[in-house]
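No value in this document is a laboratory result; all are computed from the given coordinates. What you see is a predicted model; the values in this text were computed from it and never measured. For neighbour counting, all protein chains shown are included, and Cβ atoms are generated from backbone atoms with ideal geometry for every residue, glycine included.
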Amino acid sequence: MALGSFAFSLADLMKESGLSAIAAKRQLSRLRGKVVRVSPRQPFFLIVVPEHRTMGAPPSIWWLDDYFKWLGRPYYLALQSAASSFGSNPQALQITQVMTDRPCRALKVGRIHVRFFVKRKIARTPTQQLARAAAPLWISTPEATAFDLVRYATSIGGIDRAAETISPLLPLLRARELKRVLEAENETATAQRLGFILEAGGAQRLARVIHDWLPTKLALVPLSPLQGDRKNIPVVERWQVLNNSAELKP
């Protein structure tokens, strides 16, 4: 804590203290309530100061960077958690959403919940350091956050929830950075859906950036996954999107 860190591994403790693994574990067992393990299978620990005792762990954004450095894996704060950091809070979120490169079990430490999402080409996604954070933390840029919200919509409550979360982000989105995300992710169907959502939200300039990026010929895609017949579902010709949302109108 004196060094500004609220997390450490068993190996860190052994190195700093000179203790054996058995002795280090005994020391940690005596600190029960002041130190908590992130999971039964991982020798990675969090320091719980008195003001965090009711939560049973420090806030996740204080230790996620240390945790992923220990794992040796890429990550970034993502989706609704990232949107919340940028000021978009349409729904109270009780879970921290994190993107990484391969499947990872959800963490529950005290009352802190962390859910992981997988993106194989995570290194391509534009990220930045979270401003005014208590500890270093990588987060998707506003533009990458909007793209991810559409791409992972079915896992976060549906396309309408994604659009609701994107709406407060619109003033933060920059055309040049949006184009950078489109080129990095290179997912035409997601871009079609995002373009439609931006246009429906009144962000005509941003929607035009996406439309100019898209290929001339587009495959028809549903705004959200379809079940049953496609008949009587309106097609938004500009985006070649089947608008099966009850909320979004072109």
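Scan the strands (runs of 3 or more DSSP E) fully inside the stretch 7-83 and keep the ones with 1 or more residues being within 25 Å of Lys119 (Cα to Cα).
Details: elements: 7-9, 35-39, 42-47, 75-77.
Those strands (runs of 3 or more DSSP E) span 35-39, 42-47, 75-77.
Find the residue count for the stretch 27-54, including only residues that are among the basic types (Lys, Arg) and either exposed (fewer than 12 other Cβ atoms within 10 Å of the Cβ) or under 20 Å from Leu64 (Cβ atoms) (or both). Step through it out loud before you land on a result.
As a first pass, look at the stretch 27-54 and keep what is among the basic types (Lys, Arg): 30, 32, 34, 37, 41, 53.
Those still in the list that are either exposed (fewer than 12 other Cβ atoms within 10 Å of the Cβ) or under 20 Å from Leu64 (Cβ atoms) (or both) too: 30, 32, 37, 41.
Count: 4.
Identify, by number, the condition in (1) surrounded by fewer than 17 Cβ atoms within 10 Å (Cβ to Cβ); (2) more than 17 Å from Thr125 (Cα to Cα); (3) under 18 Å from the mean Cα position of the chain (by Cα) that Ala184 doesn't meet.
Among (1) surrounded by fewer than 17 Cβ atoms within 10 Å (Cβ to Cβ); (2) more than 17 Å from Thr125 (Cα to Cα); (3) under 18 Å from the mean Cα position of the chain (by Cα), the lone unmet condition for Ala184 is (2).
Looking at the stretch 104-115, which of its residues are surrounded by 17 or more Cβ atoms within 10 Å (Cβ to Cβ) and in a strand (DSSP E or B)? Reasoning before the result, please.
Restricting attention to the stretch 104-115, the residues satisfying the condition of being surrounded by 17 or more Cβ atoms within 10 Å (Cβ to Cβ) are 104, 107, 109, 112, 114-115.
Result: Leu107, Val109, Ile112, Val114, Arg115.
Among the residues of the stretch 99-142, count how many are over 20 Å from Glu187 (Cβ atoms) and touching a Lys or Arg at 6+ places or on another chain (Cβ under 6 Å).
Final tally of qualifying residues: 1.
List every residue pair whose Cβ atoms lie under 8 Å apart, where the two residues are 6 or more positions apart in sequence or sit on different chains, the first residue falls within the stretch 116-145 and is free of Cβ contacts under 8 Å to residues at least 40 places away in the same chain and part of a helix (DSSP H, G or I), and the second residue, located anywhere, is acidic (Asp, Glu) and surrounded by fewer than 19 Cβ atoms within 10 Å (Cβ to Cβ).
Taking only residues 6 or more apart or on different chains, the pairs are Glu143/Glu177.
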